[in-house]
Amino acid sequence: MRNKAIRLIVFMLVLVWASTAPAQPPGPEDPPTTVAIIGDLAVVRPLSIVGTALGGAAFVVALPFSLAAGNTGEIYERLVKDPMRYTFTRPLGSNALGSVLTSPIYSTGTP
């Protein structure tokens, strides 16, 4: 009997969760919600700053190898420039990576 009650509760919670889901995910033109802005400010930005620092450290470690291979610019772009752009130039609250990478603010001008 208890097992049936637990299953019924889980089923009802899944139904409630599914019914509150939006019919369409927010697009890049939709303004960010207050929760998205606070989450970005309190969690994503600090982690992005740490990621930027780790990318810089990894670039320094990889520098001799990238100099030998001749792809220092590409390594710099991926390990330093991209995390820095994601951290400091994207709008507050837009933490969906796909929409950020295609936004005009993040664009590098190269396809």
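The values are calculated or read from the model by the stated rules, or taken from the named source; none is laboratory data. Computed from a prediction, not measured in an experiment: that's the story for all the values here. Heads up, the Cβs are rebuilt from the backbone with ideal geometry, glycines too, and the neighbour counts pull from every protein chain shown.
Could you tell me which of the residues ALA62, ALA57, ALA68, ALA36 is over 17 Å from LYS81 (Cβ atoms), small (Gly, Ala, Ser) and at pLDDT 85 or above?
Numbers: ALA62 fails: over 17 Å from LYS81 (Cβ atoms); ALA57 fails: over 17 Å from LYS81 (Cβ atoms); ALA36 fails: at pLDDT 85 or above.
Going through ALA62, ALA57, ALA68, ALA36 in turn, the sole match is ALA68.
Hey, can you tell me all the residues within the stretch 31-58 that are among the β-branched types (Val, Ile, Thr) and in a helix (DSSP H, G or I)? So that I can check it myself, show each step before the final result.
Kept after step one, since they are among the β-branched types (Val, Ile, Thr), are these residues of the stretch 31-58: 33-35, 37-38, 43-44, 49-50, 52.
Selection gives THR34, VAL35, ILE37, ILE38, VAL43, VAL44, ILE49, VAL50, THR52.
Could you please tell me which pairs satisfy a Cβ distance under 7 Å, a separation of 6+ or placement on different chains, a first residue in the stretch 37-59 that is closer than 12 Å to GLY93 by Cβ, and a second residue that is part of a helix (DSSP H, G or I)?
Every condition considered, the pairs that remain are ARG45/THR87.
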